[in-house]
Amino acid sequence: MARPQTNPASNRRPASKNVQAFTLVELLVVVLIMAIAGAMIIPMMTGTGEMQALSAARMIATDIQYAQSYAITNQLDVTVQFNPAIDRYTLSNTNTGGTLHHPMTGKDYIVDFRTQDGFDRLDLGPASFVVGNGNNDPNSVVFDELGSPSGGGSVIVLGGSQTYRIDVTSVTGTVSVVTP
């Protein structure tokens, strides 16, 4: 017995002319664009202060080491003076009182975080160095011609929710950056 022939087109539902939807490809493209935008924008909005504090702490540590090396190389006393009230520090010749010149820019070795680009969310916290051995200021450390500091101490850098402490050990002058 022969099967009755049916028209396959008659089994289909009639196409609706008002269907409006996005294809899977369109949805995936939108999700991909949003993920890329989020990956670029979110880091810019959060953590800026923390990143600035880490950069400043590393920069201060490097400048302290430079002062120590400069004292040894030139056989003179070098002072690193911190002024937390105005977020600034200076490297100077202790004997003459003259400011050292920055090796890259040739300008006076004064680092002012208030005017320096990229450090607008940063605060230079308190400095606390041992007074004595040629140093009369607790906000400064003096390196002699052998590279030995006048005493140990530290300076604090604050940015966002992060705090870094730059330590200078007495006798050796080893510089380290730690999170207290």
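No lab work stands behind these numbers, since they all come straight from the coordinates. These numbers were taken from a predicted model, which means no experiment stands behind them. Cβ coordinates were reconstructed from backbone atoms using ideal geometry, including for glycine residues, and neighbour counts include every protein chain displayed.
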Count of the stretch 166-180 residues which are free of Cβ contacts under 8 Å to residues at least 24 places away in the same chain and in contact with a Pro (Cβ under 9 Å, 6 or more places away or on another chain): 2
Output for the stretch 80-131, where each listed residue is hydroxyl-bearing (Ser, Thr, Tyr) and either free of Cβ contacts under 8 Å to residues at least 40 places away in the same chain or within 21 Å of Gln52 (Cα to Cα) (or both): Tyr89, Thr90, Ser92, Thr96, Thr99, Thr105, Tyr109, Thr115, Ser128
Cβ-Cβ under 8 Å pairs, at least 6 apart or on other chains, the stretch 67-79 side farther than 18 Å from Phe129 by Cβ, far side of a type in the set (S, T, N, Q): Leu76/Asn93; Leu76/Thr94; Leu76/Asn95
Subset of the stretch 67-77 (residues that are buried (at least 17 other Cβ atoms within 10 Å of the Cβ) and in a loop (DSSP other than H, G, I, E, B)): Asp77
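On the given criteria, is Leu32 of a type in the set (A, V, I, L, M, F, W, C), crowded, with 17+ Cβ neighbours inside 10 Å and over 26 Å from Ser170 (Cα atoms)? Step through it out loud before you land on a result.
Working: of a type in the set (A, V, I, L, M, F, W, C): yes; crowded, with 17+ Cβ neighbours inside 10 Å: no; over 26 Å from Ser170 (Cα atoms): yes.
No; evaluated as a whole, the condition is false for this residue.
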Failed criterion for Asn136 (all others in (1) within 17 Å of Ala85 (Cα to Cα); (2) out of contact with any Gly (no Cβ under 6 Å at 6 or more places or on another chain) hold): (1)
Per-region count, the stretch 112-156, residues among the aliphatic types (A, V, I, L, M), touching a Ser or Thr at 6+ places or on another chain (Cβ under 8 Å) and crowded, with 18+ Cβ neighbours inside 10 Å: 5
Filtered residues of the stretch 133-180 (kept if within 18 Å of Glu50 (Cα to Cα) and either aromatic (Phe, Trp, Tyr) or touching a Cys at 6+ places or on another chain (Cβ under 6 Å) (or both)): Tyr164
